1. Can you tell me the orientation of helix 36-47 relative to the chain, as the angle in degrees between its alpha-carbon axis and the longest Cα principal axis, to the nearest 10?
2. Just the accessible area for S54, please: 1.4 Å probe, Å², rounded to the nearest 10?
3. If Rh is defined by the Kirkwood formula over all Cα pairs and Rg also comes from Cα, what ratio Rg/Rh do you get for region 74-140?
4. Round to the nearest 10 and give me the degree value, 0 to 90, for the angle of helix 125-135's Cα axis relative to the longest principal axis of the chain.
5. Show that you can apply the helix-only estimate: for the chain, add -39,500 (n - 2.57) for every DSSP H stretch of four or more residues, divide by all residues, and state [θ] at 222 nm to the nearest 500.
6. Per-residue accessible area for R99 at 1.4 Å probe radius, Å² rounded to 10?
7. Relative to the present Cα-Cα distance, how much length would full extension add between L62 and A96 at 0.36 nm per residue of separation?
8. For region 15-106, what is Rg from Cα atoms divided by 2.2 N^0.38 Å, rounded to two decimals?
Amino acid sequence: PVLWMGIRTRLGSRRMRRNAFLRILYSTDRLRAADFPQLAAETARLIGRDLAESPPILMKQLQACARHHLHPRLDELARTPTLVVSAEHDVIACPAYGRDLAAAIPGAEFVLHPGMAHGNLLEQPAWLNERLLRHFGVER
C-alpha cells in the first residue's frame, strides 16, 4: 500500500498527485467533507510546498530511515520521559511501529490518535498539544 501511495503522489496530473498526497495525510472523515483544491492549498501553505511536487530530499529521507537502526539502544532512554503517538490510520508510520517503539523504551507511554492519518498534527493540532501538555505535566 505504501508503494502504491508513493507512486500516486508522483505520477498523473498535478491534481491527481495533490489528491493522492491528501489521502495520505488526512482522515477519511475530513476528506469526505473536503473541498480538495482548497484543502490542498491550505496544506501547501502549512508544509511550504505544492503537494504535487515531490522534493528530491524525500527519497533520501526514506533511504536514511531504512538504513538507520537504533533499536538496540532505545533502552538508553529509560530515564527520559517518552511519549509515542501514532495515528490510527497512518499507513506510513503504522500504529504497530509506534507500539513497538514504545515497548522498546522502558517507561514510554503509547497513545493512539483515533481516526487520524499521517497528518494528524495538521488535522487536529489541539488534540496533540493537549497530549503533550499532559505528558510534560503542564497545567492549563
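1. 50 degrees
2. Near enough 40 Å² of accessible area.
3. 0.99
4. 10 degrees
5. -14500 deg cm²/dmol, from helical runs alone.
6. 120 Å²
7. Details: separation 34, 0.36 × 34 = 12.24 nm, distance 1.84 nm.
Going from the current span to full extension adds 10.4 nm.
8. Working: Rg = 16.6 Å, N = 92, 2.2 N^0.38 = 12.3 Å.
That works out to 1.35 for region 15-106.
The values are calculated or read from the model by the stated rules, or taken from the named source; none is laboratory data. None of the values given here were measured: they were computed from a predicted structure. As a convention, Cβ positions derive from the backbone with ideal geometry for all residues, glycine included, and neighbour counts pool all protein chains shown. For accessibility, only protein heavy atoms count, side chains too; no ligands or nucleic acids. Shrake-Rupley method; radii C 1.70, N 1.55, O 1.52, S 1.80 Å.
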